[in-house]
Amino acid sequence: MKSMEEKTNVMRLLDQKKIPYKSHTYDLPGSVSGVEIARALGEDVSLVFKTLVTVGKSRQNYVFVIPVAEELDLKKAARAVGEKSIEMLKSKELLPLTGYVHGGCSPVGMKKCFRTTIHETVKKFDRFYFSAGKIGFQVEVSPADLAKIIRYETADLIVDKPEIQQETSGS
């Protein structure tokens, strides 16, 4: 069982900058989706975000933070950062580049500061969740407070879901 007293580096950085946050833990076996994490936290999936690291055609790295139930639209993401194209960073490159493992990546406390873009829906919330830098740990922070510790911009970053067509009967 995870101790609520256990602090991750993300929590220590937030404490250091006197940024208010709530820490949450979950205990789910194996590799889990962000949607399962949101359920384990008893939270709306639109409030729980995942951190994705990409590499652009220029070889620059970018961080995108999007709702867990959504998929990153690589074309929109590339446009948001002014790249011709971007692709997801290979899993094996994540730890050496960021200091985080897949499933525990946080936009706070990476080895280097990368340009970070958060999906625009974050502006609708007074708080949202993201990884505390370790699997099983999440932090809940206000977007305004997050801006005090990392620089980020917002943009539309997710794959558009097709509208459900209404079936018309007998025309």
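Of the residues making up the range 95-139, those that are closer than 29 Å to Pro29 by Cα and under 12 Å from the mean Cα position of the chain (by Cα) number 18. Filtered by the rule that a residue be among the aliphatic types (A, V, I, L, M) and part of a loop (DSSP other than H, G, I, E, B), the range 84-131 gives Leu89, Val101, Val108, Met110.
Among the residues that make up the range 39-54, is at least one of them surrounded by 15 or more Cβ atoms within 10 Å (Cβ to Cβ) and without any contact (Cβ under 8 Å) to a residue 12 or more places away in the chain? Looking through the range 39-54, at least one residue is surrounded by 15 or more Cβ atoms within 10 Å (Cβ to Cβ) and without any contact (Cβ under 8 Å) to a residue 12 or more places away in the chain.
Residue pairs whose Cβ atoms lie under 7 Å apart, separated by 6 or more positions or on different chains, with the first residue in the range 116-134 and under 18 Å from Ser106 (Cα atoms) and of a type in the set (Lys, Arg) and the second at pLDDT 95 or above and not in a loop (DSSP other than H, G, I, E, B), are Arg127/Glu140; Arg127/Val141. Considering each residue of the range 14-32 in turn, at least one proves to be out of contact with any His (no Cβ under 9 Å at 6 or more places or on another chain), under 21 Å from Ile158 (Cβ atoms) and at pLDDT below 95. Scanning the range 80-97 for residues that are under 12 Å from Tyr62 (Cβ atoms) and either of a type in the set (Ser, Thr, Tyr) or surrounded by 14 or more Cβ atoms within 10 Å (Cβ to Cβ) (or both) gives Ala80, Val81, Glu83, Ser85, Ile86, Met88, Leu89, Leu97.
The values are calculated or read from the model by the stated rules, or taken from the named source; none is laboratory data. None of these values were measured; they are calculated from a predicted model. Don't worry about glycine lacking a Cβ; one is built from the backbone with ideal geometry, like all the others, and counts go over all protein chains shown.
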